Amino acid sequence: MLMSNTPSLENYWMPFTANRQFKAAPRLLASAKGMYYTDVDGGQVLDGTAGLWCVNAGHGREKIADAVARQLVTMDYAPSFQMGHPLAFDFAEKLAARAPGGKKAGLTKVFFTGSGSESVDTALKIAIAYQRAIGQGTRTRVIGRERGYHGVGFGGISVGGLVNNRRVFPLLPGTDHIRHTHDPVRNSFVKGLPEHGADLADDLERLVALHGAETIAAVIVEPVAGSTGVLLPPKGYLERLRTISQKHGILLIFDEVITGFGRLGTPFAVDYFGVVPDLVTTAKGLTNGAVPMGAVFASETVHDALMHGPESQIELFHGYTYSGHPVACAAGLATLEVYEEEGLLTRAGEVAEHWQDALHSLKGLANVTDIRTIGLVAGIELASRPDAVGARGYDVFTDCFKNGLLVRVTGDIVALSPPLIVEKEQIDSIVSMLGDAIKNAA
Ligand code: PMP
C-alpha cells in the first residue's frame, strides 16, 4: 500500500540525521520485499545495505512475519526477571548450538538485550563483573580502538573511536584506545586481508605498560570495523590481539553486531578468522532486523565464574525489560530457520569473489582512492573535496537513492552490505549504479 502524501516532518526527531537537510529532500520508504524497498512515490530502491546491515535474509520474510503474528496473540510479553518463558530458553539453546566458533569454542552462554548498543554495554559490564568475581576487582578499565563503532550507550561511545559521538558527552573513566588499522597507503586496493599492520595489535602491550594490566578488564574491537568505513583487520592482527590479551588476563570482546549471522560468508567473524574471544556481541541479523533484539555470547569460563559467588548474591545485577522478549525470540527462531533452510550463513562466501571483482572494476574511476571487500561487505573510499569532507560521499548517496539504490556513507566512504540473498545480476546493478553516481560526483 503506497502513501501518496508526505506526512508532516515536524515532530519526529530523526536519529543520526541532519534533520534540517532531510526536510529539504525527504526520503521516505513505504514497503519492502526481497532485495527492494518501495518509496512513498512508488519508486523501487535496490537495498545495497540490508537496511542498516541487518536484513540479512532480505525483506518481507513470511516465515518471520507469521511467527511474530502468532506470538503476539499467544503471549505478547512476559517479565524476564526471576521468571521466563520457553521461547527464550529455546532460542538461547539454538543459538548456543550454532555459537561463534562452534561448540568447542565454548561461547555458549547467551544474554539477551534489545539492541547492539545494549549488547555492548552488557558485554563491558559482564567483563568487569567477571574480573571482580575472580578476585581482580581493580580491573575496571575498558579499552577500545580508534575508529571503532560500538553503538551509542555511554559504554559504547567511551570505547568507540568516533569523535562526533564522543566530544559532547562525559565518558567512562579510564577508557583508552589502541590505534585503528586503516592504512590506505600501504594497503590500498588490496584484494583480501591487508598485508600490513598486524603489529598494531602491540598497542595493547603499550597500554598495559602505561596503565598496568591489573587495571584493565577488557578490550573490545569489531573484527571488521563496519560503520566507520569497512576497515579490514590486517593478516595476523586479531590472532596477535588474542595472544596479548590472554597473556595479560584481559578479556577480548568481538563486536559482531554487523559481522554476525553470515555477513562474511561464515556464521560469525570468529569462524572466519579462527580467533576465539571471551565475549561476542550481536544484534541486527539476529532477527533479520524485523524486531529489535541483541544477544551477547559469553564463554563458559566467564559465565561460570559469575555463578560461583555466594548463593545469596545475584550473579550479574543487570537486565532489560525486553531481555528475551517473546516476540523477538519468535522472530529470532524463525530467522535462524530461514538462514539454515536457505544456507544464508555461508552464502556470502559463494558470491564473495564476484562481489570483489565487480567492485574492483571501479578502480580507476576519478576520486576512488581505495576499495575494500570481505564476504558481502564493501567500502569504497573517495577523495574528499577540498574543505568539504563528506560532501562527495553525500552527493553519491543522494544520487544513488534518486536512481534507485540504497548505499551508506560515512564521510567520503561508501559502504555496501546487501542482503545475503543478492543475485549476481543485482551485484552488477549495484556496482553500475554506484559507478555512475561516483562519476556524477566528480
Ligand atoms: N556495534 C556495532 C559494530 C554496530 O555496527 C552497531 C550499529 N551499527 C552497534 C554496535 C549498535 O547497534 P544498535 O544501533 O542496534 O544499538
Could you go through region 100-116 and let me know if any residue there is within 16 Å of the ligand (Cβ to nearest atom), in a strand (DSSP E or B), in contact with a Gly (Cβ under 9 Å, 6 or more places away or on another chain) and farther than 15 Å from H318 by Cβ. no
From R263, R242, residue being closer than 23 Å to I380 by Cα and either within 11 Å of the ligand (Cβ to nearest atom) or free of Cβ contacts under 8 Å to residues at least 40 places away in the same chain (or both): R263
Would you point out which residue out of T215, T181, T175 is over 23 Å from K363 (Cβ atoms) and in contact with a helix residue (DSSP H, G or I) (Cβ under 6 Å, 6 or more places away or on another chain)? T175
Total residues in region 8-18, condition surrounded by 10 or more Cβ atoms within 10 Å (Cβ to Cβ) and at pLDDT 90 or above: 4
Would you confirm whether any residue within region 46-64 is in contact (Cβ under 8 Å) with a residue 24 or more places away in the chain, more than 25 Å from T259 (Cβ to Cβ) and not assigned by TED's automatic domain parsing to the domain that holds S115? no
Looking only at residues that are surrounded by 24 or more Cβ atoms within 10 Å (Cβ to Cβ) and more than 15 Å from the ligand (Cβ to nearest atom) in region 117-130, which one is nearest to I178 (Cα to Cα)? A127
Restricting region 246-291 to residues that are in a loop (DSSP other than H, G, I, E, B) and of a type in the set (S, T, Y), the one surrounded by the fewest Cβ atoms within 10 Å (Cβ to Cβ) turns out to be T266
May I ask you to say which residue of A334, A348, A330 is in a helix (DSSP H, G or I) and assigned by TED's automatic domain parsing to the domain that holds Q426? A348
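The values are calculated or read from the model by the stated rules, or taken from the named source; none is laboratory data. The structure presented is a predicted model; accordingly, all values stated were derived computationally and were not measured. Reconstructed Cβ throughout: ideal geometry from the backbone, glycine too, with neighbour counts over all protein chains shown.
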